[in-house]
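Below is one structure, written out as structure tokens; comments come after it.
The values are calculated or read from the model by the stated rules, or taken from the named source; none is laboratory data. What you are looking at is a predicted structure, and each value in this text was computed from that prediction instead of being measured. Cβ coordinates were reconstructed from backbone atoms using ideal geometry, including for glycine residues, and neighbour counts include every protein chain displayed.
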Amino acid sequence: DDDAELSDKEQDGSDGEKKSSEETKEDGEAEKGDKDSGKKKAKKLRAKDLPGVARPLTKKNLVATDEAIRKSGVVYISRVPPFMKPNKLRSLLSPYGTINRIFLAPEDPIARARRIKGGGNKKKTFTEGWVEFVKKKDAKAVCELLNARPIGGKKGSYYHDDIWNLLYLKGFKWHNLTEQIAAEDAERSSRMRAEISKSTRENKLFVRNVEKAKMLDGIEAKAKAKKRKASDAAEAEEPKGAVRTFKQIPKISKDKDTTEEPERVSRVLSKIF
């Protein structure tokens, strides 16, 4: 009987342990689910604050997007410090306000190739940039606070002594920038197409002139060959050693005139004297 009671107690203990382990697992899963839901909520909240986020095209969402765009502000950076990347720029400006989008214009590929050829740094650098703040008041405050001032930070930082060049673009929104970039790209592509068509026309004209010159050279060579062949045939027909005779005009003798002339002169003189 004692053994039976002990076995029952052990079984009850094992069942209790199983239940407790299952409860702890359920609690852990519930906590994990709460964390995931919290992260999702945070993401949703952040997405609502940012303009230009793709959402269903409902009237409410469109009004919210327009409102977010109206509240946003764009800062223009006339000079980006050498080799500064967008992530670094975001980390430097994020303490002053929530940043939505950043666009940095890369340097000219020809200038970069020239710099690398001259033994310069191979890192990618940017010439100018635009930063979109969620709130325009943050954009204005950043420009007033940082413009024409050193970047600072740690003394050994690479950008410690560089100067901020910031300008708040009043009434300028991000879609204006995208439209401007699209217009510049279209102008560049049209100019490139015009240059390509011009070079194609010049190449075609050059090839046509070369072909025409070749044709004229061929015609001239054929004419020379034909003339040479005709002269060779004429020389072959003419017999060698032939004596050519030419009709000579007979010589007029002046002996009669010379004998008669003195007599005529003497008769005339005799009549005079």
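Yes/no matrix, rows are residues, columns are (1) under 22 Å from GLY129 (Cα atoms); (2) of a type in the set (Val, Ile, Thr):
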{"site": "GLU179", "(1), (2)": "yes, no"}
{"site": "ARG188", "(1), (2)": "yes, no"}
{"site": "MET192", "(1), (2)": "no, no"}
{"site": "ILE196", "(1), (2)": "no, yes"}
{"site": "VAL210", "(1), (2)": "no, yes"}
{"site": "LEU216", "(1), (2)": "no, no"}
Q | Qualifying positions in the range 56-113 - farther than 17 Å from ALA139 by Cα, at pLDDT below 90, among the basic types (Lys, Arg) and surrounded by fewer than 17 Cβ atoms within 10 Å (Cβ to Cβ) | A | LYS59, LYS60
Q. Which of the residues spanning the range 150-177 are out of contact with any Pro (no Cβ under 8 Å at 6 or more places or on another chain) and closer than 19 Å to PHE83 by Cα?
A. PRO150, GLY152, GLY153, LYS154, LYS155, GLY156, SER157, TYR158, ASN165, LEU166
Q: Would you confirm whether any residue within the range 147-168 is among the small types (Gly, Ala, Ser), surrounded by fewer than 11 Cβ atoms within 10 Å (Cβ to Cβ) and either in a loop (DSSP other than H, G, I, E, B) or on the phi > 0 side of the Ramachandran plot (or both)?
A: yes
Q. Condition test on PHE133, is it crowded, with 18+ Cβ neighbours inside 10 Å and either more than 16 Å from SER94 (Cα to Cα) or among the hydroxyl-bearing types (Ser, Thr, Tyr) (or both)?
A. no
